[in-house]
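Report on the following structure.
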Amino acid sequence: MLVALVFSLLAQASITGVVKDTSGGAVAGASVVVRAESGDQQTVTGPDGRFSLDKLPSGAATLIVRAGGFAVNEQPLVGTGNLEVVLSPATVLETVTVTPTRSEQRVGDIPASVSVLTSDDIKASPAVVADDVLRQMPTFSLFRRTSSLSSHPTSQGVSLRGIGPSGVSRTLVLADGIPQNDPFGGWVYWTRVPLESVDRIEVVDGSTSSLYGNYAMGGVINIVGNRPARRTIGLKPQYGNHGSPKFDVFGSDVWGKLGVTVNGSVFDTDGFPIVAPSEHGIVDNNATVKFHNFDVKLDYSATDRVKAFFRTGYFSENRGNGKIGEVNDTRWKSASGGVRIRMPDESDLQASLFTDFEKFHSTFLAVTAPSATVAARSIVRLTVDQHVPTNAVGSMVQWSKAIGGSNYFSAGTDFRWVDGDSQEGAYNAAPGPVTPPTQQAVLALQRVSGGTQRIVGAYLQDILTPIPKLTVTLSARVDEWRNYAAHNLETAVIAGTATNNKPSLPDRDDSVVSPRAAARYQITNWLSAWGDIGKGFRAPTLNELYRQFRVGTVLTLANDQLGPERLVGGEAGISLAPVRDLTIRTTWFDNRVTSPGSNVTLTQSGANVTQQRQNLGGTRIWGVQTDAEYRLGSFWRFSGGYLYNQAKVTDGGVANASLVGKFLAQVPAHRGSAHVAYADSKFVNVALGVQLVGRQFDDDLNSRVVPAAALSDAGYVASTDPGLPRYVVVDLSAQRSIGPNLEVFFGVENVFDRQYFVGTLPTTIGTPRLVNGGVRLRWSGR
């Protein structure tokens, strides 16, 4: 009777403790799990590193603590209060990730090229938007080498290793497993990512179509959010030069089985000019952006075996695109929900459903060519006013089970439905006198072009460990996609008649199988080797099929005859960890793409260029990437990476044979980065980063040249070589804790205000020096 009473009292006792790093600093946001036969209990540490759980399980139990950037700590649970857990920094190979195999594995066990940016890496960056944080990885780039702070959303498609760079991503971007790519166009709104609530960002560089299907032909980026913690609130007000205030808020609480997380971001900037000073005219102004992002997530743990979530969010963005009257804006509402169940046979079943409702608007202006009576860049006129409403629905179901001691089997299916139209008003110049800097324009044509796309896929995967040193991954996926209800309706406004009307375009459909085989072998305790071979694919987006656009004097036409891209690729890599604090990884990759989509030049008359999206015959993208990390003691961390990339056209097709041997536009042969960080939570955290981007071409013909005047203004030696010259930028950040709840920070991007080039026709430049500073405030209650 007495023993039963003791156990009853222990079962009601709370478990409390604190999680610290090796320097004694508190580790906030760490996941704390107590695992026992009776089930799991889980919580998250607050800003002071403290945690508490309601009761102590009867019998033996294990305390498991995880935090981004730290090695997992597992120890028997002894005692109920005042526990202290010290986490050691994780090496690259000890980091846990879920993206490459859709299941939890250490990076050192995965036969794939995987990188993880932790919340500490994000905090150490002076960047205010997610893409600028990700640039510290040499494999990452947007279509054009500029920040989302100043680039049009349709040029924010992400490319890993230079796989098919364009405004459309060949990389799938996820937020907690939910797709974030624009459903109509495939690009990514990096301003939608609330950095203060991100736990880590996982990046898989190789093709992952065998699991994720469309968009994952070139890799996957998964943004993993923080878990809810009890009575926690965080505020981050900051201010930067160019009139750039930003405010982030994060809050969460847990009431029994329900956890709630709220986060939001607000940003505004006066912006900066993007046309080179030598070409800047009175029609040019600053590229500006103002955005709001807000979402709420509910996590419900019905039992230790059944968990569910629901998330909804709203995003708005308004931009000025660097010319008088050229603007774009976006409104995006989203909702998602899902459930995860641990079945009686210990298998895992998870399902999710998501929806997107988006409205995109953009204007495009033409600049009148200079003449004896018209100064350069002194008159603009409206050419296109474009609205793109889009609705999308998607779902995913996956079942996984460990079979014996050496197999982990998964099977799943997913679905995506997108419906959208590009509603355009095309304008002609009006005859008669003009009034600078804006020329009159007359609505000449109304166009509605769009359709519906459906993609259904199913996949299988088996992770085998036949012997302790060998991990083998086998996966295969089949996808079926269909475009239907497509149309192109054009009306000549002045005449009031239909022109080039195609109320029903032919349906398009195709199916594709994407297999992958990979293996990793631990040769010694400090050396491992891995390799894989597989296929990938990407169906053309509604944007590529039906929407045209203009950048400067370059007009790009849609093509409703585009077909899917197909990839066959392989990788081979080695990982070395000769001592615990040093990791070196090198990977060779070779990808062959059949029918790649490309912006092909049709006509060129002076500065006026007309392009069309077309399928080429083939491209080859191969190269070597290397990264290294060294930790010196508890405070110093040195890291760096380098990517050598050869991306060329191997088959231009019948109409574009002249492109064979040309480099893919926007893919430099060399890209690298280096970082050094000193982190002492009791004193100061300082980080210095250097990024190198090599020469790259701005067009498919590899012919455009940056004018001599622009080169001279930027401090480059005059050259007639085509392409955008290389550049190096330096970033710096510092943080200092003042008490347990307050931290001050300061950051500078492009410390030396290096002017570098982004595009031609006209010559555009990248982000100047950006300085920002502010405070982080975090409170938690128990």
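The values are calculated or read from the model by the stated rules, or taken from the named source; none is laboratory data. Given the structure is predicted, the values throughout are model-derived calculations rather than measurements. All Cβ positions, glycine included, derive from the backbone under ideal geometry; neighbour counts span all protein chains shown. Heads up: the accessible areas ignore ligands, DNA and RNA and are worked out on the full protein's heavy atoms, side chains in. Shrake-Rupley method; radii C 1.70, N 1.55, O 1.52, S 1.80 Å.
Remark: segment 210-328 projects, on average over all directions, an area of 11.6 nm² (convex hull of Cα atoms). Can you tell me how segment 562-637 classifies by the Cα gyration tensor, rounded, prolate or oblate, using a/c under 1.5 as the rounded cut? Judged from the Cα gyration tensor, segment 562-637 comes out prolate (a/c at least 1.5, a/b above b/c).
Ranked by the mean number of other Cβ atoms within 10 Å of their residues, highest first, the peptides 372-378, 146-152 come out as 146-152, 372-378. Ranking V758, G747, G781 by how far each Cα lies toward the positive end of the dipole of segment 727-782 (charges on Cβ) leaves G781 at the top. Each of R580 and T720 was given a label point 7 Å from its Cα along the Cα-to-Cβ line. The distance between the two points is 6.1 nm. Among residues other than F409 with Cβ under 14 Å from its Cβ, the summed charge is -2 (Lys and Arg +1, Asp and Glu -1). Return one number: the angle in degrees, 0 to 90 and rounded to the nearest 10, between the long axis of the Cα atoms of helix 2-12 and the longest principal axis of the Cα atoms of the chain. Rounded to the nearest ten degrees, it is 20. Would you mind telling me the share, in percent, of accessible area of segment 294-434 contributed by carbon and sulfur at probe 1.4 angstrom? Carbon and sulfur together cover 65 percent of it. So how far, in whole Å, is the C-alpha centre of segment 619-689 from the one of segment 154-210? Centre-to-centre distance over Cα atoms comes out at 17 Å. Segment 570-616 and segment 382-422 have Cα centres lying 24 Å from one another. Taking all Cα pairs closer than 8 Å and separated by 6 or more residues, the relative contact order of segment 183-246 comes to 26 percent. Using a probe of 1.4 angstrom and keeping all protein chains present, the accessible surface of the chain works out to 39 square angstrom per residue. Computed with every protein chain present, the accessible area of Y239 is close to 130 Å² [probe 1.4 Å]. For segment 129-168, what class follows from the C-alpha gyration tensor (a ≥ b ≥ c being the square roots of its eigenvalues): rounded when a/c is under 1.5, otherwise prolate if a/b is larger than b/c, else oblate? Judged from the Cα gyration tensor, segment 129-168 comes out oblate (a/c at least 1.5, b/c at or above a/b).
Give the carbon-plus-sulfur fraction of the accessible surface of segment 43-97 in %, rounded to a whole number; probe 1.4 Å, heavy atoms of protein chains only. Its accessible area is 47 percent carbon and sulfur atoms. Please work out the Cα center distance from segment 107-146 to segment 297-340, rounded to the nearest Å. One Cα centre to the other: 21 Å. How would you classify segment 425-522 from its alpha-carbon gyration tensor, with a ≥ b ≥ c the square roots of the eigenvalues: rounded for a/c under 1.5, else prolate if a/b is greater than b/c, otherwise oblate? Verdict is oblate for segment 425-522.
Near the amide H of G157, within less than 5 Å, lie the amide hydrogens of F143, V188, all on another chain or at least 5 residues away, with H placed in the peptide plane. Taking the protein heavy atoms of segment 603-662 in the context of the full set of protein chains, the accessible area attributed to carbon and sulfur is 55 percent at 1.4 Å.
Here the peptides 487-496, 675-684 are ranked by packing, the mean other Cβ count within 10 Å, and the order with the highest first is 675-684, 487-496. Calculated from the alpha-carbon coordinates, segment 514-616 shows an Rg and a Dmax of 21.1, 62 Å respectively. Couplings for segment 667-675, taken from phi via the Karplus curve 6.51 cos²θ - 1.76 cosθ + 1.60 with θ = phi - 60°, read 10, x, 6, 10, 8, x, 8, 9, 9 Hz in order; Gly and Pro are left as x.
Restricting the chymotrypsin sites (Phe, Trp or Tyr not before Pro) of segment 752-782 to loop positions (DSSP other than H, G, I, E, B) with no more than 15 neighbouring Cβ atoms within 10 Å leaves F752. Straightening the chain between T491 and F638 buys 46.8 nm, computed as 0.36 nm per residue apart minus the Cα-Cα spacing.
Across every pair of different alpha-carbon atoms, what Kirkwood hydrodynamic radius in Å does the chain reach? Across the chain, the inverse of the average 1/r is 27.6 Å.
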